[in-house]
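Single-structure report; data block below.
A short reminder: the numbers here are calculations on the coordinates, not readings from a lab. Everything numeric in this text was worked out from a predicted model, so none of it was measured. When we count neighbours, we look across all protein chains shown, and the Cβ atoms used for this are built from the backbone with ideal geometry, even at glycine.
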């Protein structure tokens, strides 16, 4: 795992928590911020996955 994969996973998890808190307290703005954080986290994790795949491909070539 690389830095982007780890940080992306953390952001995604934090976004889920933030979204759920917004849902519980009835704050749609907080829910939306949580969803946005999840999207950023998933994107960062995907970038990390691509980097990792490229590194693996380089090792095997």
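Of note:
- Tilt relative to the chain, helix 3-25 - C-alpha long axis, 0 to 90 degrees, to 10: 10
- Counting neighbouring beta carbons within 10 Å and listing from fewest to most, the residues 61, 9 come out as 61, 9.
- With Cα atoms, 0 to 90° folded angle of helix 28-59 axis to the chain main axis: 10
- Length gained on full extension, residue 20 to residue 50: 7.9 nm, using 0.36 nm per residue less the C-alpha separation.
- Order by protection proxy (mean Cβ within 10 Å, highest first), peptides 10-19, 27-36: 10-19, 27-36
- Helix-only mean residue ellipticity at 222 nm for the chain, each DSSP H run of n ≥ 4 adding -39500 (n - 2.57), per residue, nearest 500: -32500 deg cm²/dmol
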